[in-house]
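Please treat every number below as a calculation from the coordinates, not as lab data. Since we're looking at a predicted model, the values are computed, not measured. In this analysis, Cβ positions are derived from the backbone assuming ideal geometry, glycine residues included, and neighbour counts consider all displayed protein chains.
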Amino acid sequence: MGKYKYSCEFGLGVYCCYKTIVPVEHLNDIIKSKNRFHIYSILATPKISIRDIKKDNTGISFKLIKHLGENDEEFEIKNLDIFKLGLDYNKAEIKCKYPNNKLEISFDKDYLKSYYNDFLKDKINIKKSELMQLKKSIIDSQRLFYLAPETRNHQNEMEVLYVGKAYGIKRTRTALERLKAHEKLQKILIECNHDYPHNRIYILLMEINTQIFSTFNGIEKEFLSSEEESEEHLKNVMSNLPIENQVINITEAAIINYFKPKYNVDFVNNFPSTDHSSYRQYFDLDYNKIIVELDMEFNNMPYLKLYTKTNRLDNPFKAIEYNLFNDPNRKDMYDIFRNVDLN
């Protein structure tokens with residue numbers, strides 16, 4: 001059955017406090033971001049192309065082709081009002097240049113001005129300056145796939161190819177700085193272009209934050225340690241709060257071991273391990289476990305489901321969890337909440 005080691009147990013909680021995802025070809029667009037991205041992942045998803053574009057006064061009709069290698073999927077999209085403002089799309093100039101992965105939509109500024117004054121002013125919460133930005137809009141094919149009602153039942157899934165961290169040897173670089181000259185990224189791009197030309201590569205960037213989870217057990221009568229040792233454990237943890245680079249190291253290792261991405265080598269088969277000095281703090285302080293929460297909900301796209309051949313992360317209530325001890329007689333700190341008799 002096992003016992004709890006201490007009357008007070010601690011776990012490291014890591015959560016994603018800010019995230020962004022961009023196609024690799026647009027990585028330079030966010031190079032100047034002020035966010036301190038700590039962890040990044042290289043992802044792959046089927047390319048989507050646009051064909052057979054038609055327009056009328058209510059919207060744009062076209063076909064979306066989801067490239068899956070030998071068997072592509074085709075979706076017919078009818079009368080999509082992309083901007084949801086009731087604009088007359090017959091007034092728009094629409095272009096879709098090779099490789100057919102984005103729509104360029106242009107409206108005459110005089111039409112936009114008159115439309116605002118005649119139909120939108122005082123009716124909806126949009127400024128004239130915002131409407132005038134529609135003089136020229138570029139809509140990515142992946143964005144169209146998310147917008148179209150005909151494709152909403154299709155899951156937004158991406159394969160995890162690689163996971164890395166921002167810190168290098170000098171511990172000074174951000175994830176963006178590291179990616180700019182990343183040999184692994186270049187290798188993945190070359191191999192995917194050759195072996196999987198139907199895939200599109202995305203970069204997921206995550207800024208993480210930490211919290212300490214704790215349980216104070218007043219139910220059990222016996223522990224593996226004395227009460228004096230439990231008190232000393234409490235003091236040690238509270239006086240040695242998480243160190244950023246150690247948090248990043250252990251988070252990277254946990255994510256890699258969970259997914260076991262194709263292009264990762266370190267941590268794939270040996271996490272957690274007391275041999276890893278890069279996150280030694282949590283063994284020295286005898287933490288009970290680590291929980292990594294990667295909520296992949298974005299404002300402008302459906303919930304992102306991450307997967308490899310080994311594992312999946314496909315809902316916001318699922319977390320990556322590992323015990324940080326190898327004593328078979330020691331209990332998980334959250335066992336106290338499991339199998340509770342409520343009668």
Debye log10 I(q)/I(0) at q = 0.09, 0.10, 0.11, 0.13 Å⁻¹ for the chain, Cα point scatterers: -0.64, -0.75, -0.85, -1.04
Whole-angstrom Cα spans of the range 207-343 along principal axes, big to small: 49, 44, 28
Per principal axis, descending, Cα span of the range 1-40 in whole Å: 53, 21, 10
Calculated from backbone phi, Karplus (6.51, -1.76, 1.60) coupling profile of the range 321-326 in Hz, x at Gly/Pro: 10, 9, 6, 9, 9, 10
Linear extension gain, Lys54 paired with Lys309, 0.36 nm per residue minus alpha-carbon span: 87.9 nm
Cα centroid separation, the range 180-211 to the range 85-164 (Å): 27 Å
With eigenvalues of the C-alpha gyration tensor scaled by 5 and rooted, the range 48-151, Å: 28, 13, 11
Separation of the Phe298 and His194 label points, Cα + 7 Å toward Cβ, nm: 2.9 nm
Segment Ser214-Ser278, length gained on full extension (0.36 nm per residue, minus Cα span): 20.7 nm
FRET efficiency, 1/(1 + (r/R0)^6) with R0 56 Å, evaluated for Glu228 and Lys109 via beta carbons: 0.15
Compactness of the range 68-107, expressed as Rg and Dmax over alpha-carbon positions, Å: 13.3, 39
Neighbourhood charge, 13 Å Cβ-Cβ cut-off, centred on Pro328 and excluding it, Lys, Arg +1 and Asp, Glu -1: +2
Theoretical ellipticity at 222 nm over the chain - DSSP helices of four or more residues, -39500 (n - 2.57) apiece, nearest 500: -6000 deg cm²/dmol
Candidates per GluC sites (Glu not before Pro) in the range 44-110, loop by DSSP, up to 16 other Cβ within 10 Å: Glu70
Hz values of 3J(HN,Hα) by residue in the range 7-21 - Karplus curve (6.51, -1.76, 1.60), Gly and Pro given as x: 6, 10, 10, 10, x, 8, x, 10, 9, 7, 8, 7, 8, 8, 9
Sequence of Met333, Met132 once ranked by neighbouring C-beta atoms within 10 Å, starting from the fewest: Met132, Met333
Debye, to nearest 20: dipole size of the range 1-68, +1 on Lys, Arg Cβ, -1 on Asp, Glu Cβ: 40 debye
